[in-house]
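The values are calculated or read from the model by the stated rules, or taken from the named source; none is laboratory data. Source: prediction; values computed, not measured. FYI the Cβ positions are ideal-geometry reconstructions off the backbone, even for glycines, and counts take in every protein chain you see. Accessible surface is based on the protein model in full, side chains and every heavy atom, while ligands, DNA and RNA are left aside. Shrake-Rupley method; radii C 1.70, N 1.55, O 1.52, S 1.80 Å.
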Amino acid sequence: MTNPDYTHCTLIVDRSGSMSMGGKDAEATNGIKVFLDEQFDLPGHFTFTLSEFDTAFNTVCRLRTEKVDYTLVPGGSTALLDAVAQEIEKTGEDLNSMKDEFRPANVIVVIVTDGEENASKKHTLEEVRDMIQHQQDVYGWKFIFLGADTADWMGRALGTYSTTTYSDDAHGTHEVYAASSSYLRSVRSGDEQKMDERI
């Protein structure tokens with residue numbers, strides 16, 4: 001039995017070099033701040049994990065119980081598949097370390113990318129799709145894929161619970177974080193409203 005009052009969100013953020021274009025990095029930084037402000041102001045137990053990737057993968061914080069000061073700094077290529085695979089394993093380890101009654105009833109994994117995979121070396125799309133499917137089917141995790149313009153095809157190919165496309169510019173970047181926060185708020189209230197397929 002999990003804790004029905006506990007929601008955990010893992011956010012996997014693309015910080016590749018293309019995020020430096022047109023102010024997308026600043027909008028992502030601000031969007032994550034607003035996202036956290038909103039979620040930590042809601043009632044109920046909430047934890048947050050933030051990881052970022054370009055060519056490499058980096059954990060910013062794990063199972064955070066309060067807001068974190070984060071700035072997205074672009075650089076490198078897009079090793080999305082490797083990042084998602086590593087984060088699935090790490091989040092699984094985090095939750096597995098808890099007693100059943102303390103684990104979150106809601107586990108939401110949000111993947112945000114402004115470009116397509118071009119740098120993973122360890123994992124294939126098929127491998128990551130199987131990992132996602134296992135977590136969704138066996139443990140009830142919900143994977144939310146947010147891809148700019150044509151990048152959304154990968155969310156569908158990975159079989160994520162929800163896939164949304166957004167405009168590959170500063171405004172679209174702002175809107176996608178606002179929409180993801182609204183979605184998570186609906187899940188936590190017990191009245192889930194699915195993400196739109198296009199923002």
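Just a few scattered comments:
- Taking first residues from region 148-170 that are acidic (D, E) and partners that are part of a strand (DSSP E or B), the Cβ contacts under 6 Å between residues at least 6 apart in sequence or on separate chains come to D152/T163; D152/T165; D168/A148.
- When residues of region 99-124 are limited to those that are out of contact with any strand residue (DSSP E or B) (no Cβ under 8 Å at 6 or more places or on another chain) and open to solvent by less than 40 Å² (accessible area, probe 1.4 Å), the one nearest to S18 (Cα to Cα): A119
- All conditions in (1) free of Cβ contacts under 8 Å to residues at least 60 places away in the same chain; (2) of a type outside the set (A, V, I, L, M); (3) crowded, with 22+ Cβ neighbours inside 10 Å; (4) assigned to a loop (DSSP other than H, G, I, E, B) hold for E66, with the sole exception of (3).
- Of the residues screened, P43 is one that is in a loop (DSSP other than H, G, I, E, B) and either free of Cβ contacts under 8 Å to residues at least 40 places away in the same chain or among the hydroxyl-bearing types (S, T, Y) (or both).
- Of all residues in region 125-152 being open to solvent by 10 Å² or more (accessible area, probe 1.4 Å) and at pLDDT below 95, the one that is farthest from M21 (Cα to Cα): D152
- Of the criteria (1) polar (S, T, N, Q); (2) under 23 Å from Y166 (Cβ atoms); (3) within 15 Å of the chain's Cα centre (by Cα), which one T47 fails: (2)
Table: residues versus (1) among the small types (G, A, S); (2) in contact with a His (Cβ under 6 Å, 6 or more places away or on another chain); (3) open to solvent by 10 Å² or more (accessible area, probe 1.4 Å).
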| residue | (1), (2), (3) |
| --- | --- |
| T29 | no, no, yes |
| E38 | no, no, yes |
| T47 | no, yes, no |
| E52 | no, no, yes |
| A79 | yes, no, no |
| I88 | no, no, yes |
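- Selection status of T163, in contact with a Lys or Arg (Cβ under 7 Å, 6 or more places away or on another chain) and buried (at least 19 other Cβ atoms within 10 Å of the Cβ): yes
- Restricting the first member to region 97-116 and to residues that are farther than 16 Å from T78 by Cα, and the second to residues that are open to solvent by 80 Å² or more (accessible area, probe 1.4 Å) and assigned to a loop (DSSP other than H, G, I, E, B), the beta-carbon pairs closer than 7 Å and six or more apart or on different chains are D100/M1; E101/M1.
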